[in-house]
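Below is one structure; the comments refer to it alone.
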Amino acid sequence: MNFERSEDHAMLADMFGRFLQETSTPERRNDTAWTAPFFDQTAWSEMVELGILGAFVSEDLGGLGGSAEDVSVVFEEIGRALSTDPYLGTLMGLRLLAESGETDLVEQIMAGACRPAFAVFEPEISQDLSLIGTVADEDGKLTGRKSSVYGAPGADLLLIAARNDQGLGLYLIEEVTSVQVLAAPMQDGGGIADLLLEGTPARLLKADSAELIEDVLDLGRIALCAEAVGAMEALVSMTTDYLKQRKQFGRSIASFQALQHRIVDMTMWVEQARSITIRAVASYGTGDQRRHTSMAKNLIGRAAELCAEEAIQLHGGIGMTWEYPGAHYAKRLIMLDHQLGGRHDHAMRLIAMKKESAS
């Protein structure tokens, strides 16, 4: 397996990374991440003009490729810059629309004319799609409640997973004003919402879409793993720099062997997270996709928490302050574990797959 990025991916990462350094500064992030619509709309428009969303879509639809590796390159930079813009919801919405043949909407999203969000989970359902309770009647009207809809505040299109006579259907709501959107910021910044559906008109895109939805959720999980790698790497670098600057007993505390060992541990967690993310990327679209994606999400959920806790301890009091960026990186790493299924959810998913293969 080749662990080196291609020249195209290196160029994409460099271009997008420099853009985020300019537009996702800690000051700008703190001004926008907790106030509706919970992201910088001007910066989002500039990102669209750069063509970054093309990395989420195949070349056949005018994109840059749309492979899992393309997605991971973009999301690693998002994690490194700690951006709270609604990339996750846009990624999943774009893929669902592309796979459903909605090429006109895909083009509009890539041009910045509209933005999608994907509603799948419900208040008591975080993983098992067979338990989804939102239903569609014969006329395609939806009734139910969706929760944890990433990027829903301000979205122009809502994709909804709902039960119908043929299984789990995928529906599109283009009149967002017909939906009651309960928007709020996440604890680590960025927009999220619950959706209340009461006989809400929607257009059926695919009657039985369970496999498609699982594939798109797995791609979203890979994206979150890559984001965690970028955030962990940035936090380790920030912590190392702090230890070099902080002095005790007349010398830099980075010279203390015990603290050097702890930085080495953090670096090992980053590399473990990077390696398993690369494995999940390589397995996407194969028979091992589900297993390797859950393995990555489970391991990274644990490694990210360890990295966040260690960084705070090594920083001391400043590591908990609002003004210091490291505190926000630590908070984001903790929250990444809970998105699209936490470590325990994916451990149970792996156990279920093991039992299924043994039977």
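The values are calculated or read from the model by the stated rules, or taken from the named source; none is laboratory data. Please read all numbers here as calculations on a predicted model, not as lab measurements. Glycine gets a Cβ as well: all are built from the backbone with ideal geometry, and neighbour counts include every protein chain shown. Heads up: the accessible areas ignore ligands, DNA and RNA and are worked out on the full protein's heavy atoms, side chains in. Shrake-Rupley method; radii C 1.70, N 1.55, O 1.52, S 1.80 Å.
When you scan the range 178-191, do you find a residue that is among the acidic types (D, E), on the phi < 0 side of the Ramachandran plot and assigned to a helix (DSSP H, G or I), even just one? I'd like the intermediate steps shown before the answer.
Going through the range 178-191, the residues among the acidic types (D, E) turn out to be 188.
Checking which are on the phi < 0 side of the Ramachandran plot leaves us with 188.
Imposing the further condition that a residue be assigned to a helix (DSSP H, G or I) reduces the set to none.
Among the residues of the range 178-191, not one is among the acidic types (D, E), on the phi < 0 side of the Ramachandran plot and assigned to a helix (DSSP H, G or I), which makes the answer no.
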Subset of the range 192-204 (residues that are open to solvent by 30 Å² or more (accessible area, probe 1.4 Å) and farther than 19 Å from S148 by Cα): G199, P201, R203, L204
Which numbered condition S67 misses (of (1) closer than 15 Å to A226 by Cβ; (2) open to solvent by less than 40 Å² (accessible area, probe 1.4 Å)): (2)
Flag if A254 is surrounded by fewer than 17 Cβ atoms within 10 Å (Cβ to Cβ), over 17 Å from the mean Cα position of the chain (by Cα) and at pLDDT below 95: no
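When only residues in the range 138-156 that are among the charged types (D, E, K, R) and at pLDDT 95 or above count, which is nearest to S294 (Cα to Cα)?
Per the criteria, the residue is K146.
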Go through the range 9-27 and report how many residues are open to solvent by 70 Å² or more (accessible area, probe 1.4 Å) and either touching a residue at least 12 places away in the same chain (Cβ under 8 Å) or not in a helix (DSSP H, G or I) (or both). 1
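Can you go through L306, L314 and tell me which one is of a type in the set (A, V, I, L, M), surrounded by fewer than 19 Cβ atoms within 10 Å (Cβ to Cβ), more than 16 Å from the chain's Cα centre (by Cα) and at negative phi? Talk me through it step by step, then tell me what you get.
Values: L314 fails: surrounded by fewer than 19 Cβ atoms within 10 Å (Cβ to Cβ).
So the residue among L306, L314 that is of a type in the set (A, V, I, L, M), surrounded by fewer than 19 Cβ atoms within 10 Å (Cβ to Cβ), more than 16 Å from the chain's Cα centre (by Cα) and at negative phi is L306.
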For the range 189-220, the count of residues that are farther than 17 Å from E99 by Cβ and either touching a Lys or Arg at 6+ places or on another chain (Cβ under 6 Å) or of a type outside the set (G, A, S) (or both) equals 9
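Under the condition of being of a type in the set (V, I, T) and in contact with a Pro (Cβ under 9 Å, 6 or more places away or on another chain), which residue from the range 146-191 is surrounded by the fewest Cβ atoms within 10 Å (Cβ to Cβ)?
At the first step, the residues of the range 146-191 found to be of a type in the set (V, I, T) are 149, 160, 173, 176-177, 179, 181.
Those still in the list that are in contact with a Pro (Cβ under 9 Å, 6 or more places away or on another chain) too: 173, 181.
Numbers: I173: 21, V181: 18.
Here the answer is V181.
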Please specify each residue of the range 298-333 satisfying the condition of being in contact with a helix residue (DSSP H, G or I) (Cβ under 7 Å, 6 or more places away or on another chain), more than 15 Å from I263 (Cβ to Cβ) and either charged (D, E, K, R) or not in a helix (DSSP H, G or I) (or both). R302, E305, T321, Y324, R332
The one condition R163 fails out of (1) outside any loop (DSSP other than H, G, I, E, B); (2) farther than 14 Å from R145 by Cα is (2)
Scan the range 334-347 for residues that are hydrophobic (A, V, I, L, M, F, W, C), outside any loop (DSSP other than H, G, I, E, B) and either more than 17 Å from R291 (Cα to Cα) or touching a residue at least 60 places away in the same chain (Cβ under 8 Å) (or both) and jot them down. I334, M335, L336
Might you check whether a residue that is open to solvent by less than 50 Å² (accessible area, probe 1.4 Å), in contact with a His (Cβ under 7 Å, 6 or more places away or on another chain), farther than 30 Å from S357 by Cβ and of a type outside the set (K, R) occurs anywhere in the range 271-283? no
Single residue of L182, L205, L158, L196 found to be within 15 Å of A117 (Cβ to Cβ) and touching a Leu at 6+ places or on another chain (Cβ under 6 Å): L205
Tell me yes or no: at least one residue of the range 53-61 is under 18 Å from R221 (Cβ atoms) and either modelled with pLDDT of 95 or more or more than 12 Å from the chain's Cα centre (by Cα) (or both). yes
